[in-house]
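Okay, so here's the structure we're looking at.
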Amino acid sequence: MAMTMTEKILARKSGKSKLAPGDNTWVSVDVLMTHDVCGPGTIGVFHENFGAQAKVWDRSKVVIIPDHYIFTEDKMAHRNVDVLRQFVREQDLPYFYDVGTDRYKGVCHIALPEEGHTRPGEVLLGTDSHTCTAGAFGEFATGIGNTDAGFVLGTGKLWLKVPETMRFIFEGEMPSYLMAKDLILKVIGDIGVDGAIYRAMEFAGDGVYSLGIEERMTLCNMVIEAGGKNGVIAPDEVTLEYVRARTDRPFEVVTNDPGACFHSTQVYKTKELEPGVAKPHSPDHYALAREIGDVVLDRAYIGSCTGGKTVDFQAAARVLDGSKVKVDTFIVPATSQVARSLKTETIAGKSLETIFMEAGCHVGPPSCAACLGGPADTLGRLNKSEVCISTTNRNFPGRMGSKTAQVYLASPYTVAASAVTGRITDPREFLGERA
Amino acid sequence: MKEIVRGRIYVLGDDIDTDQIIPAQHLVLNPAIAEEKQKLGTFALSSVPSEKAGLPRGHVPFIDPQTGRSPYSILAAGKNFGCGSSREHAPIALAAAGIEVVVAEFYARIFFRNVVNGGWMIPYETPAPLVDRIETGQEGEVDLKANELRVLTTGNRFPLKPLGDILPILEAGNLFAYAKEHADLLK
Ligand code: SF4
């Protein structure tokens, strides 16, 4: 029977020759990731059920990345990182990226690939809903809770239901003013925040393959905003080159069988798409940037696992170079590697960091920061009824702090252009490509 | 598993996400510690915009500010309840606040898994939307044998979808208890 990529990966990892959507199966896990917010609860579940002396099923498959509440005075937040440290010592875990050390990374979903933990054909589970980001590497990756993660720590397995696959095909190379964020906001706007519940979302087409790996991660990152179980993109040479440069572990590329069945196939022509925005308070409140130019802003935010990668800052800098921002603008790199790239990447001889400083932005240290509000002293947190445009992935009430704040989601191009004008702005006005 | 859950009903609309259920600043609480788990309950649903908190009129706090507990044991919601993050703090907070049953048109996937695998409450789906036919504060009972919600205040009865695949896990108590009963599954 012909299977999709997702069905095939789950079949292999549960030792079966075939699986169909709707089947429940015990799957062997290749990597389990947890962080400072959900790690303490997961560790609690693990010890409560397997015993105080229990050991994790495989030390080499557990990755622990503190990233959410890092640069805060909140004592409870620090206590949670201590819980992780204690667990790492007790279990002697090799993959721990501790705060205050050279190993500190920042946002887990970007740290995982940078450190070689994402590999085609594998099963990656993480205690964070954006674990689906890693589907960009052609693997099955999804978010789970503390109970599931505690179970995996002890057994290395989890009971999963095989999802149907929705295909989204982008035809034609990306126009220079569009980014992956514009594509995924359009898809979510079309299918709604519940449009992919229990399903896999596969992205394909020459538009997708014209994107670099970081942009592909943006597509998969936001499948959860449509309720999707996992996002997936079949690996190509770009994927393999990235992965091979970061890991020696063997892996096997899995692709759709010819004749595999899909739930649906939706085709987009990239040249017909325009810079898009998700209006408050839901990622599916889609509008074109050019249609809502009357929205006046208090703040712009460029950061997070979906919009705080090197490619995102390169885009923002292209717009901000030589301009001044009109509203408070925060630049928060996802990881320490991205932070370093702000100094080394240049446009016409000027580093991205210099461009941001000259434009009047605040540049912060790598972490999740205000993407999810966090403790009151979090950098960039919306503490009152402010209007913010952000490259992050969620704009539910209270997501970035105050529940009276209004958050618009958009691509780094659109956010940077809007920061300069102080109102929501189509970036083509700056990129000189007005259609 | 109880056969009947009786108590007051709290009503919410569509797309109630995990940030509204338990705002991120409270995620520093560790649910593995009993007092902190209870504390999570005192913040349950605290980021629901006031006009949408306790339908149809809204502006009904879920948590009694005096006691820090909720007077409700049944939650009724629309579509896509629990969308957003994987934080198990969300069902834990609702359970700690006293919710025993949720009835919603359908759930976001991770939240649903967490509810079932953690054994935090009974998540029923409703075959038809019902939130515009009940009111916050009404007295109700969920009959887990008959798969039915009865609103005692009005006498209205609403069928609920049978729990299906998840019933054995809920009956066992949680994923761990279920897996112990079916040790062969893990081989
Ligand atoms: S950056 Fe935002 S979305 Fe990404 S893991 Fe951190 S809090 Fe979650």
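Every test in (1) assigned to a helix (DSSP H, G or I); (2) closer than 16 Å to residue A:148 by Cβ is passed by residue A:60 save one, and that test is (2).
For segment B:132-187, how many residues meet the condition of being within 14 Å of chain A (Cβ to nearest Cβ) and among the β-branched types (Val, Ile, Thr)?
2
Scanning segment A:153-186 for residues that are of a type in the set (Val, Ile, Thr), out of contact with any His (no Cβ under 7 Å at 6 or more places or on another chain) and under 22 Å from residue A:22 (Cβ atoms) gives a single hit, A:162.
Quick one: would you say residue A:121 is in contact with an Asp or Glu (Cβ under 6 Å, 6 or more places away or on another chain) and surrounded by fewer than 24 Cβ atoms within 10 Å (Cβ to Cβ)? Here the answer is yes, as residue A:121 does meet what is asked.
When the residues of segment A:76-94 are narrowed to those that are away from the ligand (no atom under 16 Å from the Cβ) and in contact (Cβ under 8 Å) with a residue 40 or more places away in the chain, which ends up surrounded by the most Cβ atoms within 10 Å (Cβ to Cβ)?
Narrowing segment A:76-94 to residues away from the ligand (no atom under 16 Å from the Cβ): A:76, A:78-79, A:82-83, A:85-94.
Still in the list and also in contact (Cβ under 8 Å) with a residue 40 or more places away in the chain: A:83, A:87.
Numbers: A:83: 19, A:87: 22.
Among residues in segment A:76-94 that are away from the ligand (no atom under 16 Å from the Cβ) and in contact (Cβ under 8 Å) with a residue 40 or more places away in the chain, the one surrounded by the most Cβ atoms within 10 Å (Cβ to Cβ) is A:87.
One residue stands out among those in segment B:31-47 that are surrounded by 24 or more Cβ atoms within 10 Å (Cβ to Cβ) and facing chain A (nearest Cβ under 9 Å): the one that is farthest from residue A:372 (Cα to Cα), which is B:31.
Within segment B:130-141, does at least one residue satisfy the condition of being basic (Lys, Arg) and in contact (Cβ under 8 Å) with a residue 40 or more places away in the chain? Reasoning before the result, please.
Applying the first criterion (basic (Lys, Arg)) to segment B:130-141 yields B:133.
Still in the running and in contact (Cβ under 8 Å) with a residue 40 or more places away in the chain: none.
The answer is no; no qualifying residue exists.
Looking at A:97, A:104, just one residue is away from chain B (no Cβ under 14 Å), in contact with a strand residue (DSSP E or B) (Cβ under 8 Å, 6 or more places away or on another chain) and within 16 Å of the ligand (Cβ to nearest atom), and that residue is A:97.
Going through A:323, A:390, A:351, A:341 one at a time, which residue ends up being within 15 Å of the ligand (Cβ to nearest atom), modelled with pLDDT of 95 or more and hydroxyl-bearing (Ser, Thr, Tyr)?
On the way: A:323 fails: within 15 Å of the ligand (Cβ to nearest atom); A:351 fails: within 15 Å of the ligand (Cβ to nearest atom); A:341 fails: within 15 Å of the ligand (Cβ to nearest atom).
From the options A:323, A:390, A:351, A:341, the qualifying one is A:390.
From the list A:359, A:334, A:419, the one residue that fits, being within 16 Å of the ligand (Cβ to nearest atom), surrounded by 18 or more Cβ atoms within 10 Å (Cβ to Cβ) and either under 21 Å from residue A:214 (Cβ atoms) or not acidic (Asp, Glu) (or both), is A:334. All told, residue A:378 meets the bar of being within 16 Å of the ligand (Cβ to nearest atom), closer than 20 Å to residue B:46 by Cβ and within 14 Å of chain B (Cβ to nearest Cβ). Where helices (runs of 4 or more DSSP H) fall wholly inside segment A:193-300, no range has 1 or more residues that are at pLDDT below 95 and under 13 Å from residue A:182 (Cα atoms).
The values are calculated or read from the model by the stated rules, or taken from the named source; none is laboratory data. Owing to the predicted nature of the structure, the values given are computational and were not obtained by experimental measurement. Heads up, the Cβs are rebuilt from the backbone with ideal geometry, glycines too, and the neighbour counts pull from every protein chain shown.
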